Amino acid sequence: MLSMTLSEKKTIDTMRALAMDAVQAAKSGHPGTPVALSPIAYLLYNERMKYDPNRPNWPGRDRFILSIGHASTLIYATLHVAGVKALDDDGNPTDQPAVTLDDLKTFRQLGSRCAGHPEYGHVAGVEMTTGPLAAGVASSVGFAMANNWLAARYNKPGFDLFDANVYALCGDGCMMEGLSSEAASLAGHLQLSNLCWIYDLNKITIEGDTELAFTESVADRFAAYAWNVREVEDVNDLPALRQAFDAFEAEHERPTLIIVKSKIAYGAPTKEGKASAHGAPLGDDEIAGAKAFYGLDPDAKFARDDDVYQQFAQNLGKRGPELSAAWDAKFASYREAYPELAAELDLIFAGKLPQDWDKALEPFPADEKGMASRASSGKVLNRLAAGIPWLIGGSADLTPSNNTWLYDEAAGVFAPKQAGRNIRFGVRENAMAAITNGLVLSGLRGYCATFFVFADYLRPMLRLAALMKIPTLFVFTHDSIGVGEDGPTHQPVEHLASCRAIPNVAVFRPADANEVSEAYKAAMLLTETPSLMVLTRQNLPTVDRTRYGAASGVAKGAYVLADCEGTPDVVLIGTGSEVDLCLKAADKLGEEGVKARVVSAPCLELFARQSAEYRESVLPKEVKARVGVELGVELGWGRLLGDAGKFLGMTSFGDSAPAAKLMEHFGFTVDNVVALAKESIAEAR
């Protein structure tokens, strides 16, 4: 019995054919899943989602996230057939399609909007970059949390501006990844009833049947996570799918998982249900056979049928604009009733900060004892929160150590139906970072925190933030062997180099409390770059700025902190806790008649962005004697030090002992810096 009308079937089958044709034209890609899951995309966009195809960035919209990013032709075909419009460089809707037929024909080719995996900012209608499995479902938790936070803060009686749902489509691979479990566990705890994951249970992986490695009951697992679990026996049964979505919309206490059974490459004569249909073109004969099975012309490629476009135009094309227009009218009335809150929302939608957002930041007085940069970070973070009401985040169960708690009573704790700004992520580093990306993609300024050594646990989500060009803030404390007695498992040595290796990441390692403050200011102004705050456990002296260079130099990545008369004999370059070591070494060199300049380099990435003239003023080419000092491995320092330069860093893992003993044991002493300076001077001659 046909479970869809003829017009529905024709539209869905056309979406399937477009997906197959795109992969075949590219001679690479993943056709099987888009072919199987077209009914879900059709139903969500054409019937269920609050979505205006003319305004794909409308603030009141529902979100669809394709966590199985390899099935990218599913979203591209859907955006094309649904008539979704492109955005200009300023994010304004245009009258041009987001995905044209030519874009589909050039799938996976240089310059095409249709990249191999969905790329945020590359094509309108793609809510985030996906590809690494489970990243999408994990970030969908952040999208759902952001909507609930916005609703709790800004919705008023008669003004339900934020009531959106978040849909994420995932597969067996997403469910195998531990990231999905981390995120699902927290989503259940937070009762995110506006979150719906649709799990494609096709029982196929690249290697074959999922029975090879995956035999658990996902339904039971999610029931244990306190999710509302629904099952649909056949993805082509539209009435059953509708009932499952009805059950999701009726649920107000739990997130929903809809388990949908499908056959990969549905309709393909010999490859339906086969692993071979996952990651390679189906072939012309197989595609022709599938089209014949659907009742389409087997010889037509990228066939365009006006009836198919009309299906979406008559439903989504009318419903979506009506919904967004009603939302606009409501927001106009809201603006009159709550002008201050509306002004905040304008800034959030535009990705801007409030006027005088940094006015609460005050300079720290000089202090030889000083404080750990994790402690000054906590003070600065709270001062920033006072000026940015939508600064929200938390730690992976390390808040007392990371000092990331917002202490204003109004900040509160994020919980169901509450606009708390302190998030308790639990020991879930990777999910924490993915969720924070979702918060940021929703317009909030999100931060997350853990020990620096555990950056390894969240690196994939840090990389995605950099790839998407979003300003996610990562706070990493306990940054070196200065951790001390906890030993090498908790002492990061390669992590600075590792994080600096990621393109489009700003790694800040501030030397004192005032550099911490300036680092945060610089990070908040980086709207297309994620930032890392790499902070100490041990105290750092607060530099006397009446004697040394102004901390505002942090904005340029590196600056002259202490100088000498005339041309220096040697330049000492330090970051973080090692800057004080450089200052003391410079003093000793001066006593011996050696002229030394001290450069603090809290962010090498920002320094690289400066003009050649500025970089020359800090590190003159004529001064070839240079010493770099950092509690990390040398990788990446060569461009600053040159052939005659020397580096004092780590060449092994750390050890377990008090921090002061470790510094001496690994050679981080004034005498060693002085000796290396003299060696560099000798070699530079």
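The values are calculated or read from the model by the stated rules, or taken from the named source; none is laboratory data. What you see is a predicted model; the values in this text were computed from it and never measured. Neighbour counts run over all protein chains shown; Cβ positions are idealised from the backbone, glycine included. Note: accessible area is taken over every heavy atom of the protein model, side chains too, but ligands, DNA and RNA are not part of it. Shrake-Rupley method; radii C 1.70, N 1.55, O 1.52, S 1.80 Å.
Checking the structure you have, find out if any residue of the stretch 569-585 is part of a loop (DSSP other than H, G, I, E, B) and over 40 Å from the mean Cα position of the chain (by Cα). Looking for residues that are part of a loop (DSSP other than H, G, I, E, B) and over 40 Å from the mean Cα position of the chain (by Cα), one finds at least one in the stretch 569-585, hence yes. Restricting attention to the stretch 477-515, the residues that are assigned to a loop (DSSP other than H, G, I, E, B) and under 27 Å from Ala366 (Cα atoms) total 8. Of all residue pairs spaced 6 or more apart or on separate chains, those with beta-carbon atoms under 6 Å, a first member in the stretch 400-415 that is under 17 Å from Trp149 (Cα atoms) and a second member that is open to solvent by 20 Å² or more (accessible area, probe 1.4 Å) and not in a helix (DSSP H, G or I) are Leu406/Arg421; Ala411/Arg421.
When we screen Gly557, Gly628, Gly645, Gly576 for residues that are buried (at least 16 other Cβ atoms within 10 Å of the Cβ) and touching a residue at least 60 places away in the same chain (Cβ under 8 Å), the only hit is Gly576. Residues that are among the aromatic types (Phe, Trp, Tyr) and touching a Ser or Thr at 6+ places or on another chain (Cβ under 7 Å) were ranked within the stretch 223-249; the one that is nearest to Lys9 (Cα to Cα) is Phe248. The single residue among Cys603, Cys582 that is under 24 Å from Asp367 (Cα atoms), touching a Phe, Trp or Tyr at 6+ places or on another chain (Cβ under 6 Å) and open to solvent by less than 10 Å² (accessible area, probe 1.4 Å) turns out to be Cys603.
Among the strands (runs of 3 or more DSSP E) confined to the stretch 80-189, the ones with at least 1 residues that are under 26 Å from Arg16 (Cα atoms), among the aliphatic types (A, V, I, L, M) and open to solvent by 20 Å² or more (accessible area, probe 1.4 Å) are located at 85-87. Among the residues of the stretch 222-236, are any surrounded by fewer than 21 Cβ atoms within 10 Å (Cβ to Cβ), among the basic types (Lys, Arg) and touching a strand residue (DSSP E or B) at 6+ places or on another chain (Cβ under 9 Å)? So far as the stretch 222-236 goes, no, none of its residues is surrounded by fewer than 21 Cβ atoms within 10 Å (Cβ to Cβ), among the basic types (Lys, Arg) and touching a strand residue (DSSP E or B) at 6+ places or on another chain (Cβ under 9 Å).
Filtering the stretch 29-46 to residues that are of a type in the set (A, V, I, L, M, F, W, C) and either out of contact with any strand residue (DSSP E or B) (no Cβ under 7 Å at 6 or more places or on another chain) or buried (at least 24 other Cβ atoms within 10 Å of the Cβ) (or both) leaves Val35, Ala36, Leu37, Ile40, Ala41, Leu43.
Applying a threshold of 8 Å to beta carbon distances and a minimum spacing of six or more residues, or different chains, the list of pairs starting in the stretch 655-680 at a residue that is touching a residue at least 12 places away in the same chain (Cβ under 8 Å) and within 23 Å of Gly642 (Cα to Cα) and ending at one that is open to solvent by 70 Å² or more (accessible area, probe 1.4 Å) and of a type in the set (Gly, Ala, Ser) is empty.
When Thr256 is tested against (1) at pLDDT 95 or above; (2) open to solvent by 30 Å² or more (accessible area, probe 1.4 Å), only condition (2) is not met.
All conditions in (1) modelled with pLDDT of 95 or more; (2) more than 23 Å from Asp163 (Cα to Cα); (3) of a type outside the set (Phe, Trp, Tyr); (4) not in a helix (DSSP H, G or I) hold for Ile392, with the sole exception of (2). For the residues Glu485, Glu515, the requirement of being open to solvent by 20 Å² or more (accessible area, probe 1.4 Å) and either more than 16 Å from the chain's Cα centre (by Cα) or modelled with pLDDT under 95 (or both) singles out Glu485. Do you know which of the residues in the stretch 395-426 that are in a strand (DSSP E or B) and touching a Gly at 6+ places or on another chain (Cβ under 7 Å) is surrounded by the most Cβ atoms within 10 Å (Cβ to Cβ)? Checking each candidate, the answer is Ile423.
Residue-wise test of (1) over 28 Å from the mean Cα position of the chain (by Cα); (2) closer than 21 Å to Ala152 by Cβ.
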| residue | (1), (2) |
| --- | --- |
| Ser324 | no, no |
| Glu336 | yes, no |
| Leu341 | no, yes |
| Asp346 | no, yes |
| Phe349 | no, yes |
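In the stretch 250-271, the residue that is farthest from Glu8 (Cα to Cα) out of those that are in contact with a helix residue (DSSP H, G or I) (Cβ under 8 Å, 6 or more places away or on another chain), not in a strand (DSSP E or B) and not small (Gly, Ala, Ser) is Arg254. Of everything in the stretch 272-287 that is over 36 Å from the mean Cα position of the chain (by Cα) and either closer than 20 Å to Val235 by Cβ or free of Cβ contacts under 8 Å to residues at least 60 places away in the same chain (or both), the residue that is most open to solvent (accessible area, probe 1.4 Å) is Asp285.
Yes/no per residue for (1) under 24 Å from Ala660 (Cβ atoms); (2) touching a Ser or Thr at 6+ places or on another chain (Cβ under 7 Å):
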| residue | (1), (2) |
| --- | --- |
| Arg509 | yes, yes |
| Val516 | yes, yes |
| Ser552 | no, no |
| Ala555 | no, no |
| Val560 | no, no |
| Ala586 | yes, no |
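Scanning the stretch 371-380 turns up one or more residues that are crowded, with 16+ Cβ neighbours inside 10 Å and in a strand (DSSP E or B). With respect to the conditions (1) open to solvent by less than 10 Å² (accessible area, probe 1.4 Å); (2) under 12 Å from Val505 (Cβ atoms); (3) part of a helix (DSSP H, G or I), Phe474 lacks only one, and its number is (3).
Annotation note: of Ala244, Ala250, the sole residue that is among the hydrophobic types (A, V, I, L, M, F, W, C) and open to solvent by 60 Å² or more (accessible area, probe 1.4 Å) is Ala250. Applying the condition of being aliphatic (A, V, I, L, M) and assigned to a loop (DSSP other than H, G, I, E, B) to the stretch 525-546 and asking which residue is nearest to Ala506 (Cα to Cα) yields Leu526.
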